[in-house]
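The values are calculated or read from the model by the stated rules, or taken from the named source; none is laboratory data. Keep in mind it's a predicted model, so treat the numbers as computed, not measured. Reconstructed Cβ throughout: ideal geometry from the backbone, glycine too, with neighbour counts over all protein chains shown. Only protein heavy atoms, including side chains, enter the accessible area calculation; ligands, DNA and RNA are left aside. Shrake-Rupley method; radii C 1.70, N 1.55, O 1.52, S 1.80 Å.
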Amino acid sequence: MSYSLQDDARSQIEYPEELSIIFIGKELFYSDQTLRSVQTEFGVRAERFDHLEDVLAKSSVASSAERIIVVDQMMLDELLARPADYAKVAENGCLAFAYRKKSPARILFEHWDRTSFGNIGYLPMNVAPDVWRAILRLLMHEELHLPCFLADSMAASPGAPEVPIEKQPATRTRSPDKLLQYAKLTRREKQVLRLVSKGQSNKTIATRLGITEHTVKLHMHNVSGKIDVSNRTEAAHFYFEVAPNEARSAAVG
């Protein structure tokens, strides 16, 4: 079963078509009041579903629109049992785990395969409202929050997950400065940069990502500033240098 405040609040708030926040969990933890406050605060569509199947069954949610999927800690077992399904639903946005106790977050952190299913953010539910909103805002910009107690355990554990490629020492062909610049890009900005490197137009990119051409131009403007390039050709050369493996697969595809 799904719950949305879109209908009764749409007349008051204009929602971007390309972004929504989807909470998966019980109404006890994500009430109508919570959804309403999210919609009012951020001006985006906010919905709640009891189960992943309810999300998959809704065609508008299953489309290419950008979304943030927030999974409650009560769904931990299913999240670990079906990581590919959850990652697929969040493929055009990001995936986050909402927790009230540290132990479920630790379990997920230790067992989540980031190499296969991508990174996952963490959203603490037992913090002050302004802190909670700040972390949710980070997720909206695809900046994944990692709590200190998990970061500390990663540094201390010999079997900790591998460091993301952006943080790895640079090889002879990968400039450390450019790797740092690339790491500052959001997931969506990296998607746009990858498609630009393939020579695709703004219209084609917009169609593939399910966003408007104006949004593509905005993303590309942000990318150009972050990686310090002045045109699409320089952006493509930058991408080929910092992400050679991805660029090679892009050329093949």
For region 71-149, what does the alpha-carbon gyration tensor say about shape, rounded, prolate or oblate, given a ≥ b ≥ c as the root eigenvalues, a/c under 1.5 as rounded, and a/b over b/c as prolate? oblate
For the ranges 139-145, 87-93, 224-230, what's the packing order if you count other beta-carbon atoms within 10 Å of each residue, average per peptide, and put the highest first? 87-93, 139-145, 224-230
Ranking Arg208, Arg82 from most to least accessible area with a 1.4 Å probe gives Arg208, Arg82
Give the lysines reachable from Lys102 as a straight Cα distance under 20 Å; neighbours fewer than 8 places away on the same chain don't count. Lys26
Can you return the lysines within cross-link range of Lys203? Criterion is Cα-Cα under 26 Å, with same-chain partners fewer than 8 residues away left out. Lys88, Lys184, Lys190, Lys217, Lys226
Which of Leu80, Leu19, Leu138 is most accessible, then next, and so on - probe 1.4 Å: Leu138, Leu80, Leu19
Highest mean first, how do 119-128, 187-196 rank when packing is the count of other Cβ atoms within 10 Å averaged over residues? 187-196, 119-128
If amide hydrogens are placed 1.01 Å from N in the peptide plane, which non-local residues have theirs closer than 5 Å to the one on Tyr122? Phe97, His145
